[in-house]
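Worksheet: one structure, shown below.
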Ligand SMILES: [Mn+2]
């Protein structure tokens with residue numbers, strides 16, 4: 001029975017590239033493994049796979065009767081449906097440990113680095129298994145994406161070293177310009193429905209018993225989002241109306257290195273409490289905030305606790 005390797009809901013490039021590369025590594029170790037994604041690829045991931053000639057993973061949303069390896073998450077809310085009806089045999093991640101549990105011992109490697117693919121690179125090295133050119137290419141792009149080209153506070157020296165090593169294998173001499181090209185693809189919002197933009201990189205959290213949704217759009221210039229901001233806010237209101245306490249959408253300007261946060265909440269004072277800012281109206285600028293995981297989730301968890 002094949003093992004399915006799968007990342008979080010609303011798959012991003014790390015979830016997709018980590019699933020593909022872990023499945024590749026498992027196969028080379030003699031374990032039948034298939035990469036999977038919990039939904040269609042976003043434009044950035046599609047660009048990256050196309051660039052290195054890698055096929056898109058199968059879409060899988062239910063764990064029933066499957067052996068599963070989780071990558072890039074370990075939260076039930078972000079995982080497959082009916083996880084308890086399957087069997088998790090591994091977790092490879094770079095987030096805080098989530099709330100999944102397993103009936104049996106499992107293989108697990110979770111490291112405080114900027115990207116799951118940095119962890120996967122360590123796993124290849126540890127197993128002394130050669131990384132192919134296409135695998136190196138997609139892993140390198142995932143690390144550049146997750147670390148916002150090394151600007152994110154989540155970025156570590158391990159991530160930079162991994163990108164440099166993977167770029168050599170992939171035969172990419174100027175990885176930073178490939179990174180910019182990738183972020184331009186990510187920034188393109190023209191013709192995309194507001195709903196798709198809100199869910200492009202969206203996660204639900206349980207904070208102090210409240211359901212909180214936090215989405216993020218990273219662009220090379222915030223002005224790109226100006227024409228769609230009102231529609232994004234309307235869409236966030238609809239998402240909140242589905243039974244959430246709050247929905248926050250981070251509009252991140254990777255060049256200015258900060259985020260405008262759109263706020264739809266039963267009690268916006270949590271934003272003031274979490275970030276020490278004055279909140280007027282339905283948005284606030286958070287200077288220096290690039291990382292949801294490191295700079296947004298922890299202060300909110302404290303505030304909602
Ligand atoms: Mn990641």
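Laboratory data are not the source of any read-out in this text; all were calculated from the coordinates shown. Bear in mind the structure is a predicted one, so any value in this text is a computation, not a measurement. Here the Cβ is made from the backbone with ideal geometry for all residues, glycine too, and neighbour counts use every protein chain on show.
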For helix 229-240, what angle does its Cα long axis make with the longest principal axis of the chain, in degrees from 0 to 90 and rounded to 10? 80
Could you sort the peptides 48-60, 252-264 by per-residue average Cβ neighbour count (10 Å cutoff), highest mean leading? 252-264, 48-60
Antiparallel DSSP bridges in the range 194-304: what percent, to the nearest 5? 70
For the chain, what is the calculated [θ] at 222 nm in deg cm²/dmol (nearest 500), taking -39500 (n - 2.57) for each run of four or more DSSP H residues and dividing by its residue count? -11000 deg cm²/dmol
What is the packing order of peptides 110-119, 196-205, taking the mean over residues of other C-beta atoms within 10 Å and listing the highest first? 110-119, 196-205
Given just the C-alpha atoms of the range 194-304, how large is their convex hull per residue in cubic angstrom? 89
Taking the range 220-284, the equivalent ellipsoid from its C-alpha gyration tensor has semi-axes in Å, biggest first, of 20, 16, 9
Ranking request for peptides 137-145, 270-278: highest mean number of other beta-carbon atoms within 10 Å first, then the rest in descending order. 137-145, 270-278
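Quick one: what do you get for the range 3-184 if you divide its Cα Rg by 2.2 N^0.38 Å? Write down the numbers at each step before the final one.
Values: Rg = 15.0 Å, N = 182, 2.2 N^0.38 = 15.9 Å.
This ratio for the range 3-184 stands at 0.95.
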Rounded to the nearest 10, the angle in degrees between the Cα long axis of helix 133-146 and the longest principal axis of the Cα atoms of the chain comes to 20
Pulled fully out, how much extra length does the chain show between residue 96 and residue 287, if you take 0.36 nm times their separation in residues and subtract their Cα-Cα distance? 66.4 nm
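Of all beta bridges DSSP finds with both residues in the range 3-184, what is the antiparallel percent, to the nearest 5?
Values: 0 of 20 bridges.
Close to 0 percent.
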By how many degrees, between 0 and 90 and to the nearest 10, does the Cα long axis of helix 157-170 differ from the longest principal axis of the chain? 50
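Please state, as a whole number in µm²/s, the translational diffusion coefficient that the Stokes-Einstein equation yields for the chain at 10 °C and 1.306 mPa s, with Rh defined as the Kirkwood radius across alpha carbon pairs.
On the way: Rh = 19.6 Å.
For these conditions, the coefficient is 81 µm²/s.
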Would you kindly state how much longer the chain becomes between residue 303 and residue 151 on full extension, computed as 0.36 nm times their sequence separation minus their alpha carbon distance, in nm to one decimal? 52.1 nm
Using the number of other C-beta atoms within 10 angstrom as an exposure proxy, rank 224, 88 with the fewest first. 224, 88
When the C-alpha atoms of the range 124-259 are aligned to their principal axes, what extent does each axis show, in angstrom, from largest down? 50, 35, 23
